[in-house]
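Asker: Mind looking over this structure? Questions follow.
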Amino acid sequence: MNKARLDIPVSKLSGNSGQLPWLPKNPRSWTLGDINRTVKSITTDPDFLEDRPLLAVPAESGKGERYIVFAGNLRLKACKESGVKTAPVVIYFPETDDDRETVKRRAMLDNGSFGSWDFDALANEWDDLPLVDLGVPAWEAEQPDVNHLSTEGREGGEGYDEFVDKFKPKLTTDDCYTPVPVYDAVVDWVDKTLGPIDRDKIVRPFYPGGDYQNADYPEGCIVLDNPPFSIYSEIVRFYLERGIHFFLFGPHLSLKVKDADVTYVLCGQGVTYENGAVVNTSFVTNLPQLAEYRIAIPVALYRAVRAADEENTRKAELSRYRRPLELWTLPVLSKIAKGDDDYNVRKSDVFEIQNIDCLKEQGKSLYGGGFLFSSAAAREAAAREAAAREAAA
């Protein structure tokens, strides 16, 4: 496979969000702390990027105007946050299936210890690789159910729901889809306090595979949506430069956008998004009704978001996986080692499985596989696990 090491303007580099059909989106997500640590590494050690360049592929076959970073997405984000203009990049030019598999493998190997794994994406898109051998942790029980992702109220053309359905098992913390009660509460507040607004002209361009930069923004529209927090500042600047009105959800602790002429609408309420991520959320806007203010703290909005989130959380508590007593996975069984006694399970009491029917029906997998125990062995294992928890406490 041909490769070339070049210094590429950061503006021509995009993170891997699944733009290429053969390269699934990066199954890793980060917190603000992860980003800050990487920014510090780059700013305090100028050789950091030279020693560990980004790895990328052309965004379009045979073209080199833009590139998709498949290894180093966190470093790319840190470059943008710290104002780095150019970055050393090794460009891969895959031509065969073997080349593309090499790219996927190296993308997985590059993911380090920062961030959280999206187990649904791993199970459904990266299962052709030896994940455990590559250092990926095994699936554990009690993963949040994201199959109830709602598309109610989202703008889109014919077939939009079917389009979004394809992405339901692939959520990361950057896919913080706003629960319907929370979104409706925000729209109602904007309509009553800053409006009235034409709800038919609300644009929601942020969905899996969506391209907000090339979306249709009709005259008089307002973008009222929850953007990917990893590129939040970039999105705010994009709308400001084009004079497009917006009222956007944003991460409360990193809401400020440097030198942006906007109004920060402070709420700070923790919102439980539909992928299970809980993020303290505020808002940013350029609506003329608030143009004279740099900071606005509307009590009514805070109360509305809080009430809506509490309503949504109560519903979400009913949508979690519950592991049957007879189903055991290696990560759960390993907890028994924290107890005081050895424990062995006979082969005659165990049946090995790769998936279970309820997950198959949702198009999901039992990541790492598992075991079905006989009833007697299951009761014994449960007792051992409980004893181990007590001993550890």
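The values are calculated or read from the model by the stated rules, or taken from the named source; none is laboratory data. Just so we're clear, the structure is a prediction, and the values are computed from it rather than from any experiment. With ideal geometry, Cβ positions are generated from the backbone for all residues, glycine too; neighbour counts draw on all protein chains shown. Surface accessibility is based on the protein's heavy atoms, side chains included, excluding ligands, DNA and RNA. Shrake-Rupley method; radii C 1.70, N 1.55, O 1.52, S 1.80 Å.
Asker: Determine which single condition residue 17 fails, assuming it passes every other condition in (1) open to solvent by 20 Å² or more (accessible area, probe 1.4 Å); (2) more than 24 Å from residue 252 (Cα to Cα).
Answerer: The failed condition is (2).
Asker: Next question, about the same structure. Looking at the range 176-221, which of its residues are without any contact (Cβ under 8 Å) to a residue 24 or more places away in the chain and of a type in the set (Lys, Arg)?
Answerer: Listed by number, the residues that qualify are 192, 199, 201.
Asker: State the number of residues belonging to the range 251-284 that are free of Cβ contacts under 8 Å to residues at least 60 places away in the same chain and of a type in the set (Ser, Thr, Tyr).
Answerer: Residues meeting the conditions: 4.
So that you can scan it fast, the table gives a plain yes or no per residue for (1) open to solvent by less than 40 Å² (accessible area, probe 1.4 Å); (2) without any contact (Cβ under 8 Å) to a residue 40 or more places away in the chain; (3) more than 30 Å from residue 280 (Cβ to Cβ):
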{"residue": "27", "(1), (2), (3)": "yes, no, no"}
{"residue": "30", "(1), (2), (3)": "no, no, no"}
{"residue": "44", "(1), (2), (3)": "no, yes, no"}
{"residue": "56", "(1), (2), (3)": "yes, no, yes"}
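Asker: Tell me which residues, restricted to the range 1-36, are in a loop (DSSP other than H, G, I, E, B) and not aliphatic (A, V, I, L, M).
Answerer: 16, 17, 18, 19, 21, 22, 24, 25, 26, 27, 30, 31 - these are the residues of the range 1-36 that are in a loop (DSSP other than H, G, I, E, B) and not aliphatic (A, V, I, L, M).
Asker: Just one of (1) touching a Leu at 6+ places or on another chain (Cβ under 7 Å); (2) farther than 30 Å from residue 97 by Cβ; (3) not polar (S, T, N, Q) trips up residue 27, so point out which.
Answerer: (2)
Asker: Next question. When the residues of the range 196-239 are narrowed to those that are among the acidic types (Asp, Glu) and within 18 Å of residue 184 (Cβ to Cβ), which ends up least open to solvent (accessible area, probe 1.4 Å)?
Answerer: Checked the range 196-239; the qualifying residue least open to solvent (accessible area, probe 1.4 Å) is 225.
Asker: From 273, 264, grab the single residue that is among the aromatic types (Phe, Trp, Tyr) and within 21 Å of the chain's Cα centre (by Cα).
Answerer: 273
Asker: Sort through 376, 381, 304 and tell me the only one that's in contact with a Leu (Cβ under 9 Å, 6 or more places away or on another chain), at pLDDT 90 or above, of a type outside the set (Lys, Arg) and not in a loop (DSSP other than H, G, I, E, B).
Answerer: 381
Asker: Quick check on the range 71-88. Is at least one of its residues under 14 Å from residue 3 (Cα atoms), surrounded by fewer than 19 Cβ atoms within 10 Å (Cβ to Cβ) and at pLDDT 85 or above?
Answerer: Scanning the range 71-88, I find at least one residue that is under 14 Å from residue 3 (Cα atoms), surrounded by fewer than 19 Cβ atoms within 10 Å (Cβ to Cβ) and at pLDDT 85 or above, so the answer is yes.
Asker: Residues being over 14 Å from residue 83 (Cβ atoms) and either of a type in the set (Ser, Thr, Tyr) or at pLDDT 80 or above (or both): count how many of those fall in the range 39-50.
Answerer: 3
Asker: Whether any residue in the range 37-54 is acidic (Asp, Glu) and in a helix (DSSP H, G or I) is what I want to check.
Answerer: Yes: the range 37-54 contains one or more residues that are acidic (Asp, Glu) and in a helix (DSSP H, G or I).
Asker: Could you tell me whether the range 267-287 includes any residue that is part of a helix (DSSP H, G or I) and either in contact with a strand residue (DSSP E or B) (Cβ under 7 Å, 6 or more places away or on another chain) or under 21 Å from residue 30 (Cβ atoms) (or both)?
Answerer: no
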